[in-house]
Structure formats: structure tokens, C-alpha cells
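Read through the structure below, which is laid out as C-alpha cells, and then see the notes.
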Amino acid sequence: MNEKEWPLYEVFIRSRSGLSHRHAGSVHAADDQMALDHARDTYTRRMEGVSLWVVRSDLIVASDPADTSAFFAPAEDKIYRHPTFYKIPDGVENL
Amino acid sequence: MYTQGLDQKGKVVQSSDASESADQLDAFQKRVDAEDKIEAKDWMPAAYRRTLLRQISQHAHSEIIGMQPEGNWLTRAPTLKRKAILLAKVQDEAGHGLYLYSAAETLGVSRDQMVADLLSGKAKYSSIFNYPTLTWADIGAIGWLVDGAAIMNQIPLCRCSYGPYARAMVRICKEESFHQRQGFDIMFELSRGNDEQKAMAQDALNRWWWPSLMMFGPNDSDSKHSAQSMAWKIKRFSNDELRQKFVDVTVPQAEFLGLRVPDDDLSINDKTGHYEFGDIDWQEFYDVLAGNGPCNRQRIEKRGQAQVDGAWVRDAARAYADKHATAAAA
Ligand SMILES: [Fe+2]
Ligand SMILES: [Fe+2]
């Protein structure tokens, strides 16, 4: 096959109104509109969604799994961000 | 399904590659043992990647080639209702193929490469789809037996250690039970019909029973890299375990239909509660895998022709997209 492959798009589905979009998989398409059509036909044949997002896979910027611990380290020692860090004196309510 | 370990004979996957340290492999195995999911960009042993790529792409090819035997009856389904159902079923199989290609691509091989490997014969697909669909009853037998066997195999794959594959399998499994039920429904109707219809159902069972059992792959004793796949939690049950499960649930269904399973050695063992069944003709299995089943050549030819026939559509869509992209940029 020497023809150029259509670009890859990642597909995100909102399954019900009120929920956030969730990654479902990917499709190949020549352009954005076709990517939406292919995503609909591939991932929502049973009414799995009320909204679709497609985005070119090569436009997604992702964190590097090899750096996970360093990358997320700044949050690690800030336990005071959690309510459970604080002791509530006996007798105090509704806090 | 369709992950029957098609090329297990004679090949042993290397368990480690030169550049991989024992520490890396150890850390990886610990993650797998802890049921942590491995994602596309995570470090993984090269052999794990190869094994998954082979399995997922074979699985995808099987879904796509599997559309052909059933597609054969789309224009000849006996009623409009049956036709609409079969159309939806075959379309689902296309979808399964696409989910799986999408999962395989996360491992770093392009879709085009996978299709090229299928057409060149480098990549395999399930042996079952190289049998012909001679009568309408075969459509019933496929849904009931072939999709039934697929479900057995696929449910444990929903817990596969590789995240993208596991998630694709969840999506697929949700759709499969409709496939099996529509097949059983066809068999049920035929089995309650006139003598000719009953004979058709029996004939279909006779031809599809043994190939369905072969779908689970070689016996455990001949299955070379099963152990590694189990350790990596790509596989959860052995070929023989899954085959036994399938026989145990399917034989009573055949009895309900009033059909005879074509196996003189079939009997239930009262002690174990499991059915014991006759020997599988493994020579037939390996012949079909080697390309000498009744329909191998036809299946690949047809898939290749579809690729050629569709080229102008892909080219036109690309030209249209390019033209609009330049117009928008100007
Ligand atoms: Fe399928
Ligand atoms: Fe299916």
C-alpha cells in the first residue's frame, strides 16, 4: 500500500447529558467531519452517546509515564490539602 | 476470539530482549501481578508488545474476515426481519474489527501495515472463517456456536493486562450476546419447523461443531507460549479449560433444540459434571491454518479486492480534504 494513510483521530463520547466526555478509541478519517461520521458509526451504534468529540491524535500532548513520579511529585507532600489533615476539636459540629 | 494462538507451533517467544534489564522486567511483572493496567505509553517488554500485537491484530483480522461467510446470506435472508438483524450483526463485526485495530495501533503499528500483513498472508486470522456457509441454517449455527465460542474466549479478555485491549473487549462483549441469541433463534425456529428445516439445522450443526471446538486453539500440551501469556495476564484460562466450558454449556442447548452433537464419544461424566468428548482432528486444523481450508484463498482475495475497489474513495476523500484545508489556509 503506497497511498498515504488517513490521519488518526481520538474519539470521546458523552454518554448522557451531565456526564463528561470519555475516551472510547480512535478512527481514521480524511477530515474532521468524516472523523465525526466514522466515530458515530463505529462507537455509537446503540445510542451510546449524546455528544461526540474527535481530535487529531497527533495534537494530543500527554505526560510521559516514565516521569510520572517526578511530574506529580509537587502534589505529594501537600497532605494539608485534604480535609482529613485537620483535627476537629471535640464538641465542634457542622464543620 | 479468534485469538486461538494461531502460530504457536514451532515458535517460542523470547522472554526478554537484550536491552531489557532484570529490574525492568521484574518491575513490570509486579505491576501485572498487582492487576495494574498497562497503557500504551508505559514501558513494556518487547516480547509483551509483540505478543499483544500479534494477538490483537489477528483478532481484528478475524472480525473483518468473519464478515464474509455471513455476508454471503445478506441478500438471501428468508425475511426482511432476518435480513435487518443479520445486517446489524455483520455491521457489529466490522465495528469489532475497528475497535481492535484501534487498540493494536496504540502499540505502534499502522493500520495500513496490519492490512498489508493480512493480505500478504503474514498475519493469520481464525481458522473458523475458512468454512463455507452453504445454507441459511449455517447463519444460525455461526451465531449460536461461533459467537458462543467467541464469548467464552472474550469475557476473560476484558480483564487483560493491556488497557486498550481490555477496554475494546468490554465494548465487544456487550454486543456479542445479541449475536449469539439471534443465531440460536434461527436454530430454534428451524428445529421446530418441518422435516426439511430440521434436517438443515442438523446438517449445519454437523459441519460447524468440530471447527467451533478448534476455535479455542491447540490442546494445552501443544500450546507453546500459553504459560507466558498467562503470567502476563493476557490470557486467564487455558485453551482446554475454555473449550470444556463451551462444551458444557452448549451440549444441553443442542439437546433442547432436539439436535444431535456429531460426536459418538460424547458423554457426561457424573462424577465431575463435565462432558467428555472425542478427539479433535488437529490435522484438519493445521491444514486450514496453513491456508488449505475450503475458503482461505477466496477470503483473502475478496478482502484484497475490497481494498483495491475502495482506493478511489480514499483518494477522493483525501483530495477533497486537502483542497478544503488549502482553501481555509488561504
Ligand atoms: Fe465479533
Ligand atoms: Fe459476534
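Does the range B:146-155 contain at least one residue that is open to solvent by 10 Å² or more (accessible area, probe 1.4 Å) and either in contact with a Cys (Cβ under 8 Å, 6 or more places away or on another chain) or within 14 Å of chain A (Cβ to nearest Cβ) (or both)? Quick ask: steps written out before the conclusion?
First, pick out the residues of the range B:146-155 that are open to solvent by 10 Å² or more (accessible area, probe 1.4 Å): B:151-153, B:155.
Filter once more, so that each one left must be either in contact with a Cys (Cβ under 8 Å, 6 or more places away or on another chain) or within 14 Å of chain A (Cβ to nearest Cβ) (or both): B:151, B:155.
Yes, because at least one residue in the range B:146-155 is open to solvent by 10 Å² or more (accessible area, probe 1.4 Å) and either in contact with a Cys (Cβ under 8 Å, 6 or more places away or on another chain) or within 14 Å of chain A (Cβ to nearest Cβ) (or both).
Hey, among the residues in the range B:78-87 that are in contact with a helix residue (DSSP H, G or I) (Cβ under 8 Å, 6 or more places away or on another chain) and surrounded by fewer than 18 Cβ atoms within 10 Å (Cβ to Cβ), which one's farthest from the other protein chains (Cβ to nearest Cβ)? First the steps, then the outcome.
Residues of the range B:78-87 that are in contact with a helix residue (DSSP H, G or I) (Cβ under 8 Å, 6 or more places away or on another chain), as a first pass: B:78, B:82-83, B:85-87.
With the extra rule that they be surrounded by fewer than 18 Cβ atoms within 10 Å (Cβ to Cβ), the set shrinks to B:78, B:83, B:87.
Working: B:78: 24, B:83: 17, B:87: 12 Å.
It comes out as B:78.
Which residues, counting only those in the range B:175-202, are open to solvent by 20 Å² or more (accessible area, probe 1.4 Å) and either within 11 Å of ligand 1 (Cβ to nearest atom) or in contact with a strand residue (DSSP E or B) (Cβ under 8 Å, 6 or more places away or on another chain) (or both)?
B:178, B:180
For the range B:160-177, give me the residue count where each residue is within 14 Å of ligand 2 (Cβ to nearest atom) and either touching a residue at least 12 places away in the same chain (Cβ under 8 Å) or not basic (Lys, Arg) (or both). Explain how you work it out, then say what you get.
Filtering the range B:160-177 down to residues within 14 Å of ligand 2 (Cβ to nearest atom) leaves B:168-169, B:171-177.
Filter once more, so that each one left must be either touching a residue at least 12 places away in the same chain (Cβ under 8 Å) or not basic (Lys, Arg) (or both): B:168-169, B:171-173, B:175-177.
Total meeting the criteria: 8.
From the residues in the range B:178-193 that are in contact with an Asp or Glu (Cβ under 8 Å, 6 or more places away or on another chain) and at pLDDT 95 or above, which one is nearest to ligand 2 (Cβ to nearest atom)?
Selected residue: B:179.
Filter the range B:249-273 for residues that are touching a residue at least 24 places away in the same chain (Cβ under 8 Å) and either of a type in the set (S, T, N, Q) or under 20 Å from residue B:218 (Cβ atoms) (or both) and give the result.
Selection gives B:250, B:253, B:263.
With respect to the numbered conditions (1) more than 10 Å from chain A (Cβ to nearest Cβ); (2) over 19 Å from residue B:311 (Cα atoms), which one is the sole condition not fulfilled by residue B:102?
(1)
Given the conditions (1) open to solvent by less than 70 Å² (accessible area, probe 1.4 Å); (2) of a type outside the set (Val, Ile, Thr); (3) touching a His at 6+ places or on another chain (Cβ under 9 Å), which single one is not true for residue B:167?
(1)
Take the range A:56-66 and flag every residue that is open to solvent by 80 Å² or more (accessible area, probe 1.4 Å), part of a helix (DSSP H, G or I) and more than 19 Å from residue A:27 (Cβ to Cβ).
Selection gives A:66 alone.
Out of all the residues in the range A:21-32, is one or more touching a residue at least 24 places away in the same chain (Cβ under 8 Å) and surrounded by fewer than 19 Cβ atoms within 10 Å (Cβ to Cβ)?
Yes, there is a match, as at least one residue in the range A:21-32 is touching a residue at least 24 places away in the same chain (Cβ under 8 Å) and surrounded by fewer than 19 Cβ atoms within 10 Å (Cβ to Cβ).
Give the range B:229-258 a look and list any residue that's over 14 Å from residue B:156 (Cα atoms) and touching a Ser or Thr at 6+ places or on another chain (Cβ under 6 Å), or say none.
Across the range B:229-258, the qualifying residues are B:257, B:258.
Can you name the residue in the range B:55-95 that is closer than 20 Å to residue A:41 by Cβ and among the small types (Gly, Ala, Ser) and is also farthest from ligand 2 (Cβ to nearest atom) among such residues?
Restricting to residues being closer than 20 Å to residue A:41 by Cβ and among the small types (Gly, Ala, Ser), the top hit is B:84.
Residue B:113 - would you say it is open to solvent by 50 Å² or more (accessible area, probe 1.4 Å), under 19 Å from residue B:51 (Cα atoms) and within 14 Å of chain A (Cβ to nearest Cβ)? Full working, then the answer.
On the way: open to solvent by 50 Å² or more (accessible area, probe 1.4 Å): yes; under 19 Å from residue B:51 (Cα atoms): yes; within 14 Å of chain A (Cβ to nearest Cβ): yes.
Yes, satisfied.
Among the residues in the range B:214-229, are any within 16 Å of ligand 2 (Cβ to nearest atom), within 30 Å of residue B:51 (Cα to Cα) and exposed (fewer than 15 other Cβ atoms within 10 Å of the Cβ)?
No, there is no match, as no residue in the range B:214-229 is within 16 Å of ligand 2 (Cβ to nearest atom), within 30 Å of residue B:51 (Cα to Cα) and exposed (fewer than 15 other Cβ atoms within 10 Å of the Cβ).
Keeping to the range B:1-39, report how many residues are at pLDDT 90 or above and either outside any loop (DSSP other than H, G, I, E, B) or open to solvent by less than 30 Å² (accessible area, probe 1.4 Å) (or both).
Here the count works out to 13.
Just one of the numbered conditions (1) in a helix (DSSP H, G or I); (2) under 13 Å from the mean Cα position of the chain (by Cα); (3) more than 10 Å from chain A (Cβ to nearest Cβ) is not true of residue B:90; which one?
Checking residue B:90 against (1) in a helix (DSSP H, G or I); (2) under 13 Å from the mean Cα position of the chain (by Cα); (3) more than 10 Å from chain A (Cβ to nearest Cβ), the one that fails is (2).
Which of the residues belonging to the range B:77-124 are within 16 Å of ligand 1 (Cβ to nearest atom) and basic (Lys, Arg)?
B:89
Report, by residue number, each residue of the range A:30-77 that is under 30 Å from residue B:24 (Cα atoms), aromatic (Phe, Trp, Tyr) and within 13 Å of chain B (Cβ to nearest Cβ).
A:71
The values are calculated or read from the model by the stated rules, or taken from the named source; none is laboratory data. Note that the coordinates shown come from a computational prediction; the quantities given were computed from them, not determined experimentally. Heads up, the Cβs are rebuilt from the backbone with ideal geometry, glycines too, and the neighbour counts pull from every protein chain shown. SASA here: full protein model, heavy atoms, side chains in, ligands and nucleic acids out. Shrake-Rupley method; radii C 1.70, N 1.55, O 1.52, S 1.80 Å.
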